[in-house]
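Nothing in this text is a laboratory measurement; each read-out follows from the coordinates by a stated rule. A quick note: this is a predicted structure, and the numbers were derived from the prediction, not measured. Virtual Cβ from ideal backbone geometry, glycine too; neighbours counted across all protein chains shown.
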Amino acid sequence: MNLRQPILLLVWVLMTFFTSMSHAERIKDIASIEGVRANQLVGYGLVVGLDKSGDSSTSSPTSRQSLTSMLKRFGITMSAQDLQQLKAKNIATVAVQAELPAFAKPGMAIDVTVSSLGDAKSLRGGSLLMTPLKGADGETYAIAQGNLVVGGMTASGKDGSSVTVNNPSSGRISNGALVERVVPTPFSEGDSLIFNLHRADFTTANRMAESINKLLGANTAKPMDATSVRVNAPSDSGQKVMFASVVENVNVDMDEAPARVIVNSRTGTVVVSNKVRVMPAAVSHGSLVVTIDENINVSQPNPLSKGQTAVTPSSNVGVKEEKNRMFAFKPGVSLDDLVNAVNQVGAAPSDLVAILEALKSAGALHAELIII
């Protein structure tokens, strides 16, 4: 009996069932499978073909050294005197970085980002020479080469004035690197899969395990902590792929976020979550404005008198206090009531921050106050 047909039929039925449930979040949107991750790659190379906008030989000797090393690999040797006179402003030393996705196979193309390391003015019109990209273990996993696409530009005049748009010393090469080595992943190993939540939450982890067990049977999933849920899976790699497809489309009712108030002190942005509550409290917030005007009075004596000219300062000090009303919070005030009460007195974002900090200090604000 062919077991693939019943399994595919089960997958189709489950996918149809999941599509009809749109009130919850899919596991694939709130969690990731342990071991299925991208890897960072980095390399050092040369960009050639620049229009005299590359590195200068005096301030960036690394470009000259890199060029001579490349020429030596092609059988071209230069004397020490020639090296000192070498001034190739059409090259630039660059750092090349890329992200190797999970399950990338040899021959697949990935995007790379190229950034200048020296004092090159612009990489526009340049071409990256063959550059090996290495991982954290020092092994080469991809080879990059190609023409750069630079979004920035710079223009200068003979009087020294210049205009720069965006960043001309950095660019990208779409599909500019070919994968040469496979990164092993533990996905096909073992008889289980571990799903890690993007945001740690005990309630969400428990609900995820319950949703999986409700659909695939008891004891299929078990929460390990606030982040991880272990799910029993087939040992066969092909069946494990279909099983993972089923599990990641299971819908989970996520728990609401904790009561938090996020304040950005630089921009004045205040974000209040839905679970924020305020206990009984009375708030009066006003601004005290003090103005000081300085005037200089000159006292001139009579022409026949023996007096001297005197300069006397005159200061006018004024104090003005805004007559903002006091407002009170009842027990268990919600987010809407809090915002409406603050808006009634015309408080600015900075005033709202001061009010929230005072409520937190008084113990009336039942939320975590985070200032970034």
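Annotation: amide H-H contacts under 5 Å for Ser56 (H modelled 1.01 Å from N, sequence separation of 5 or more, or interchain): Asp119. Under a 5 Å amide H cut-off, with hydrogens placed 1.01 Å from N, Ala281 pairs with Phe329 among residues at least 5 apart or on other chains. By other beta-carbon atoms within 10 Å, ranking Ile262, Ile212 with the fewest at the front produces Ile262, Ile212. Give the calculated FRET efficiency between Glu256 and Gln300 to the nearest 0.05, with a Förster radius of 56 Å applied to their Cβ-Cβ distance. The formula returns an efficiency of 0.15 here. Extension gain for the segment Gln308 to Ser188, taken as residue separation times 0.36 nm less the Cα-Cα distance, is 33.2 nm to one decimal. The calculated FRET efficiency for the pair Ile143 and His198, based on their C-beta separation and a Förster distance of 25 Å, comes to about 0.15. Remark on Ser192: its backbone amide H falls under 5 Å from those of Ala233, a criterion applied only to residues 5 or more positions apart or on other chains, H modelled at 1.01 Å from N. Residues within the reach of a label modelled at Leu178 (point 7 angstrom out along Cα to beta-carbon, backbone nitrogen below 16 Å), restricted to the stretch 101-115, are 105-112. In a fully extended conformation the segment linking Glu99 and Val241 would gain 48.8 nm over its present Cα-Cα distance, using 0.36 nm per residue. Each of Ser169, Ser192 has some number of other Cβ atoms within 10 Å of its Cβ, and from fewest to most they run Ser192, Ser169.
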